[in-house]
Amino acid sequence: LSAIRNFYIASTAMAGVYTIGIGGDYPTITSAVEALETFGVGGTVTFNIFTGIYDERIVIGPVTGASSINQIVFQSQSGNYADVKLKNSLQNDSLNYVMLFEEASHITIRNVWIQASVPSAGRLIEFRGVSRKITIEKNLFHGISTNNNDTKRAILFAENSLMDSINIIENIFKYTEQ
């Protein structure tokens, strides 16, 4: 007979300060977001992002427990946007964003550099569904210029979305000619 064992994973909601990057609590922003979505939050959560270039497609969805009291902050550890660059080298027409807020709430993105990497598909932040209480402050957005209404290169993009209290505060918007 084989013995059957039950394994239980004890988990608690996240709260406190965590680090992202090589040698941090989470190696990537995506892995930190996955932890948030798995465990939820039971207090304010701050992710300090180590200096570096983060080449990933970041999708932030609903987080259990997120509220005006239990907020979630992603920020450069140094406080300098030039130290943390977010980009997505795999952008294409169907996955055209560096960061996507999909049904997300009570999130702050602070002091990071978000850059378009692909000239034909260069959206930086996209909102889908109902997104609320999102604060985007003191970042550098580096987009690709266009002289028409091409939404594929929008720095901030939302279509058929319901947004409430999206705060865009003290950001720098910069464009590169194609």
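Just a few scattered comments:
- Long-range HN-HN contacts of residue 18 with modeled amide H, under 5 Å: 46, 47, 48
- A Förster radius of 35 Å combined with the Cβ-Cβ distance from residue 145 to residue 69 puts the calculated FRET efficiency at roughly 0.30.
- Taking a straight Cα-Cα cut-off under 15 Å and skipping sequence neighbours fewer than 8 places away in the same chain, the aspartates and glutamates within cross-link reach of residue 133 are 102, 103, 164.
- For residue 42, the amide hydrogen comes within under 5 Å of the amide hydrogens of 14, 15, counting only partners 5 or more places away or on other chains and with H modelled in the peptide plane.
- Correct option for Rg/Rh (Cα atoms, Kirkwood Rh) [calculated from the coordinates] among (i) 0.98; (ii) 1.03; (iii) 1.44: (ii)
- Nearest-10 value in Å² for the accessible area of residue 25, using the 1.4 Å probe: 90 Å²
- Applying a DSSP loop filter and a limit of 16 other Cβ atoms within 10 Å to the GluC sites (Glu not before Pro) in segment 55-117 leaves 103.
- Summarising the amide proton neighbourhood of residue 61: residues at separation of 5 or more, or on other chains, whose placed amide H is nearer than 5 Å comprise 102.
- Gained length - residue 92 relative to residue 17, 0.36 nm times residue gap less alpha-carbon distance: 23.6 nm
- Computed from backbone phi with θ = phi - 60° and the Karplus coefficients 6.51, -1.76 and 1.60, the 3J(HN,Hα) list for segment 37-43 is 6, 7, 9, x, 10, x, x Hz; x is used for glycine and proline.
- Qualifying aspartates and glutamates (Cα of each under 12 Å from Cα of residue 152; at least 8 residues distant if same chain): 93, 126
The values are calculated or read from the model by the stated rules, or taken from the named source; none is laboratory data. Computed from a predicted structure; not experimentally measured. Because the Cβ atoms are built from the backbone with ideal geometry, glycine has one as well, and the counts that use them run over all protein chains shown. Each accessible area value is taken on the protein alone, full model and side chains, heavy atoms only, with ligands, DNA and RNA left out. Shrake-Rupley method; radii C 1.70, N 1.55, O 1.52, S 1.80 Å.
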